2 protein chains.
Amino acid sequence: MSADTKDDRSQRARIVKVAARLFAERGYHAVGIAELQNAVQLGRGALYHHIRSKDDLLYDIAREYIADLNDLAVTAEHEPDPRKRICILGQHLISMIASHQAELTVCFREVQSLTDSRRAEVLALHTRYERVWKDAFISGAEQGLFRPYDPVVLKGVLGMYFYSYLWMRPDGSLGAETISERFNEMALRMLAIG
Amino acid sequence: MSADTKDDRSQRARIVKVAARLFAERGYHAVGIAELQNAVQLGRGALYHHIRSKDDLLYDIAREYIADLNDLAVTAEHEPDPRKRICILGQHLISMIASHQAELTVCFREVQSLTDSRRAEVLALHTRYERVWKDAFISGAEQGLFRPYDPVVLKGVLGMYFYSYLWMRPDGSLGAETISERFNEMALRMLAIG
DNA sequence: GGAACTGTACCGATCGGTCGGTATAGTACG
DNA sequence: CGTACTATACCGACCGATCGGTACAGTTCC
C-alpha cells in the first residue's frame, strides 16, 4: 500500500484518462456517469469525491491538451526559418496526436459540449494555436519563401494534420515520425511558390 | 392550406432538415426530442407520426448524404485523366459540403452514434467513397503522373477537404468554387512527382 | 365513414448529482 | 500504551429532472 499514498492525484489522473478514452470512443453526451463508474471500478460517491462534475472532467481534458499544444508551439516560434518552423510544428502536432489520441479527440470534437464561457476559453486557445501556424505562413511569404498568405491554404494544411486524429492508429504500421515527415513535405509543397 | 396537400413528405423533409441542423450544432446525444419538437413546432405525437425514432432520423441523415457523395463520385470515375478526376471529386465534395454543411457534419461526426449494424453500413459507404479517391491516386501513379501511391498522402489530401466542414461558412466571403479550386491545386501539388 | 394529422397525458428508464454513513490511517494527548 | 479526533477514500440509496417513446382522443379533409 506504500505506493498508494499518493492515491488522490493518481486516482484522479486515472479517472481523467479513462474518461478521455470513453468520451473519445462514444462521445461526451453518450457516456453516462454510471458507465464511467463502471470503467474506473468506483462507486458513485467515490467518483464524485475525486471530480466536481462531469462537465469539469470534459473541461479539464479539452483545456489541458490544447494548452500543451500551445506550449509546444511557443518553443517553435524561436526558429527563424519558416520552413523549419512548419516542420517543427507539424512534428509536435502529430506526435501529440499519436501519444494522446483520445484526449485530443475530445479536445477537437467535444468543444461544443462545454458550457458557454468554458467553450469560449478553449476556443481561444485553438485560435491562438492556429495563429502560430498563420504567423509562420506569413513570415515565409514575407521572406519570399512561400506563396502569398492565403487563409484557404492555412485551413487546408491544418486540415491535413488535424484530421489525422480520426484515422491514426498508435499500434499501426505507420509511426508518428513517418507521418509527420510526409505531412511536412506536403505542407511545404502546398506553400511553395509557383 | 391547398399548398400543404403534400404535407407528409414536405413535413418529414422539413423535420429531417431541422434535425440535421440541431445535430450538427449541438451533437446528436445533446439534442432531445423535446428540443426537436420545439424547433419544428410540432407536438410529440405529430412528430412521431412522421418519424419512427430519433435513431432513424440520424440514420437517414448520415446515410443519405454519404450515399449522394458516392453517387457523385461514380460519375467522376468516367474521367480518364486522373488529374481531372481529382479536380472533379474535389469540386463535388466541397460543393456538397457548402450546400449541405449541417447534414455532412452529422454524416462525418455522428457515425459513432448509430447502432452497430447501421454504423457498419454507413462506414462501408465512407470506405467506398475513399476508395474512389484512392483509385484515382493509383491510376495517376500507374500512368506516371503522380508519385507512387502512399496511404499517408491519401489521408492528408482527404483531411484537407473533409476538414472544411468545420470552418466553411456558406455566407462567408469564400465561395465553394474558390475553395475547391485552391484545394484542387494543392492536392495536385501533393501528388506531383519529385 | 375513414384516413391523415395533431396535441396531451403518460410510461419506465436513465440522467447528473447529493446524501448520510463507514472503514481506515495518521496524529495528538493522557 | 490506549483513546479521542481528523482527514481521506469510499459506498450505495436516493433526489428531481429529463430521456425516448407510446396511447389515445380529437380534428380536419376527402
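The values are calculated or read from the model by the stated rules, or taken from the named source; none is laboratory data. Worth saying up front: this structure is predicted, and the values here are computed from it rather than measured. Ideal geometry is used to build each Cβ from the backbone, glycine not excepted, and the neighbour counts take in all protein chains shown. Side chains are part of the model used for accessible areas, which takes the heavy atoms of the whole protein and leaves out ligands, DNA and RNA. Shrake-Rupley method; radii C 1.70, N 1.55, O 1.52, S 1.80 Å.
I need every pair where a residue in region B:11-39 that is away from every other protein chain (no Cβ under 13 Å) and of a type outside the set (F, W, Y) has its Cβ under 7 Å from the Cβ of a residue that is within 11 Å of DNA strand C (Cβ to nearest atom) and open to solvent by 30 Å² or more (accessible area, probe 1.4 Å), sequence separation at least 6 or different chains.
B:Q11/B:H50; B:R12/B:H50; B:I15/B:H50; B:Q37/B:G43; B:Q37/B:R44
Kindly provide the set of residues from region A:115-156 that are open to solvent by 70 Å² or more (accessible area, probe 1.4 Å) and of a type outside the set (A, V, I, L, M, F, W, C), ordered by number.
A:D116, A:S117, A:T127, A:R128, A:R131, A:K134, A:E142, A:Q143, A:P148, A:Y149
Answer yes or no: is there a residue in region A:52-68 that is small (G, A, S) and more than 16 Å from the chain's Cα centre (by Cα).
Yes, the conditions are met somewhere in region A:52-68.
Report, by residue number, each residue of region B:105-131 that is under 17 Å from B:F162 (Cβ atoms), within 14 Å of chain A (Cβ to nearest Cβ) and of a type outside the set (F, W, Y).
Matches in region B:105-131: B:T105, B:V106, B:C107, B:R109, B:E110, B:V111, B:Q112, B:L123, B:H126, B:T127, B:E130.
In the list B:G175, B:G144, which residue meets the criterion of being more than 8 Å from chain A (Cβ to nearest Cβ) and on the phi > 0 side of the Ramachandran plot?
Within the list B:G175, B:G144, the selection yields B:G144.
Here is a yes/no grid of residues against (1) aliphatic (A, V, I, L, M); (2) in contact with a Pro (Cβ under 8 Å, 6 or more places away or on another chain); (3) surrounded by 20 or more Cβ atoms within 10 Å (Cβ to Cβ):
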{"residue": "B:A34", "(1), (2), (3)": "yes, no, no"}
{"residue": "B:V40", "(1), (2), (3)": "yes, no, no"}
{"residue": "B:S53", "(1), (2), (3)": "no, no, no"}
{"residue": "B:R63", "(1), (2), (3)": "no, no, no"}
{"residue": "B:E110", "(1), (2), (3)": "no, no, yes"}
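Just give me the residues in region B:167-180 being under 19 Å from A:L158 (Cβ atoms) and either free of Cβ contacts under 8 Å to residues at least 24 places away in the same chain or crowded, with 23+ Cβ neighbours inside 10 Å (or both), in sequence order.
B:W167, B:R169, B:G172, B:S173, B:L174, B:T178, B:I179, B:S180
Can you list residue pairs whose Cβ atoms sit under 7 Å apart, with the first residue in region B:43-69 being under 28 Å from B:I97 (Cα atoms) and the second being open to solvent by 40 Å² or more (accessible area, probe 1.4 Å) and modelled with pLDDT under 95? Count only pairs 6 or more apart in sequence or on different chains.
B:H50/B:R12
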